[in-house]
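Report on the structure given below.
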Amino acid sequence: MVAWQKAMVVEVRRETPNAKTFRLKLPAVSEHVAGQYYVLRLTAEDGYTAQRDYSVASVPGSDLVDLTVELLPGGEVSEFLHEVVEPGDELEVRGPIGGWFAWRGDSPALGVAGGSGVVPLMSMLRLSRLRDPSLFRLVVSARRPADLYYGAEVVGPQTTVVYTRQTPPSWPRPVGRLTADDLAPTLTPTQTVYVCGTPPFCDHATGLLESLGVSTDRIRVERFGPS
């Protein structure tokens with residue numbers, strides 16, 4: 001078991017109307033692999049604890065890690081983080097954890113994300129931009145521009161953005177659900193494909209990939225949802 005450790009909140013940044021990134025300073029350098037997560041634990045004065053898993057959005061090799069948290073109605077951990085936590089506070093974390101949904105940045109990969117599912121794939125995108133941009137592609141689906149996580153950073157030559165409800169002015173693709181035509185240009189024969197989002201999104205994206213001839217042993221899925 002990885003031990004619990006205290007992490008200092010050094011920055012809180014809003015990503016979307018319902019999501020914030022919490023930058024935490026750890027006691028030592030995080031050797032996480034892109035795609036892994038930390039468990040965050042809150043402890044009340046009466047000893048009651050609540051914990052949730054949050055993917056790392058930042059690259060490995062620093063004592064600073066970014067956890068992006070979506071505010072969920074009635075979510076006791078996400079509501080506390082969004083409404084109470086500010087720079088200077090300490091949080092308990094344990095990690096990094098996870099081996100299946102992890103990418104070391106040394107082989108071809110494609111990320112397919114829906115909404116908040118882009119968080120672990122952002123770590124992969126950032127890592128690839130530092131090491132070898134040719135190895136990683138990202139397709140991300142968001143309802144509207146305001147809902148696109150890391151909007152100022154994520155857009156680029158490695159990324160395809162699909163909007164399902166509203167697009168920016170003069171956006172070349174009309175609104176609509178992710179399609180096989182969105183995925184086909186990003187595929188190569190040797191990629192590992194990482195799919196992350198809500199269960200319905202993951203099922204839809206996986207079905208599209210299989211219809212395009214991607215074998216199931218090349219697809220890794222991480223489903224997000226309220227706890």
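The values are calculated or read from the model by the stated rules, or taken from the named source; none is laboratory data. Just so it is clear, the model here is predicted, and its values are computed rather than measured. A quick note on method: Cβ atoms are made from the backbone with ideal geometry, for glycine too, and the neighbour counts reach across all protein chains shown.
Would you mind listing the strands (runs of 3 or more DSSP E) fully within the stretch 1-78 where at least 3 residues are within 24 Å of ARG131 (Cβ to Cβ) and not assigned by TED's automatic domain parsing to the domain that holds ARG129?
Of the strands (runs of 3 or more DSSP E) lying wholly inside the stretch 1-78, those with at least 3 residues that are within 24 Å of ARG131 (Cβ to Cβ) and not assigned by TED's automatic domain parsing to the domain that holds ARG129 span 19-30, 62-70.
Tell me which of these ARG137 doesn't satisfy, since it passes every other one: (1) over 17 Å from LEU64 (Cα atoms); (2) out of contact with any strand residue (DSSP E or B) (no Cβ under 9 Å at 6 or more places or on another chain); (3) outside the structural domain of VAL29 (by TED's automatic domain parsing).
The number of the failed condition is (2).
Looking at the stretch 130-140, which of its residues are farther than 18 Å from GLY105 by Cβ and more than 12 Å from the chain's Cα centre (by Cα)?
VAL139
Exactly one condition in (1) closer than 22 Å to LYS20 by Cβ; (2) at pLDDT below 95 is not met by GLY156; state its number.
(1)
Determine whether the stretch 76-98 contains at least one residue that is farther than 30 Å from ALA44 by Cα and of a type outside the set (D, E, K, R).
Checking the stretch 76-98: not a single residue is farther than 30 Å from ALA44 by Cα and of a type outside the set (D, E, K, R).
Only one of (1) within 23 Å of GLN36 (Cβ to Cβ); (2) basic (Lys, Arg); (3) modelled with pLDDT of 95 or more fails for ARG177. Which number is that?
For ARG177, the failing item is (1).
Return only the number of the condition from (1) in contact with a helix residue (DSSP H, G or I) (Cβ under 8 Å, 6 or more places away or on another chain); (2) under 21 Å from ARG126 (Cβ atoms) that VAL12 does not satisfy.
(1)
Residues that are among the hydroxyl-bearing types (Ser, Thr, Tyr), under 16 Å from ILE97 (Cβ atoms) and in contact with a Ser or Thr (Cβ under 7 Å, 6 or more places away or on another chain): does the stretch 33-51 have at least one?
Within the stretch 33-51, one or more residues are among the hydroxyl-bearing types (Ser, Thr, Tyr), under 16 Å from ILE97 (Cβ atoms) and in contact with a Ser or Thr (Cβ under 7 Å, 6 or more places away or on another chain).
Given the criteria farther than 19 Å from GLU222 by Cβ and touching a Phe, Trp or Tyr at 6+ places or on another chain (Cβ under 7 Å), does GLU83 qualify?
no
For the stretch 31-40, how many residues meet the condition of being surrounded by 15 or more Cβ atoms within 10 Å (Cβ to Cβ) and farther than 11 Å from SER123 by Cβ?
3
Output the number of residues of the stretch 69-84 satisfying the condition of being within 16 Å of GLU15 (Cα to Cα), of a type outside the set (S, T, N, Q) and either in contact (Cβ under 8 Å) with a residue 24 or more places away in the chain or in contact with a helix residue (DSSP H, G or I) (Cβ under 6 Å, 6 or more places away or on another chain) (or both).
6
Taking the residues in the stretch 2-25 that are touching a residue at least 40 places away in the same chain (Cβ under 8 Å) and exposed (fewer than 12 other Cβ atoms within 10 Å of the Cβ) as candidates, determine which candidate is nearest to LEU67 (Cα to Cα).
Looking at the filtered set, the residue picked out is PRO17.
Quick check on this structure: which one of THR160, THR198 is farther than 25 Å from VAL39 by Cα, of a type in the set (S, T, N, Q) and assigned by TED's automatic domain parsing to the domain that holds THR216?
Step by step, each of THR160, THR198 is checked, and only THR160 is farther than 25 Å from VAL39 by Cα, of a type in the set (S, T, N, Q) and assigned by TED's automatic domain parsing to the domain that holds THR216.
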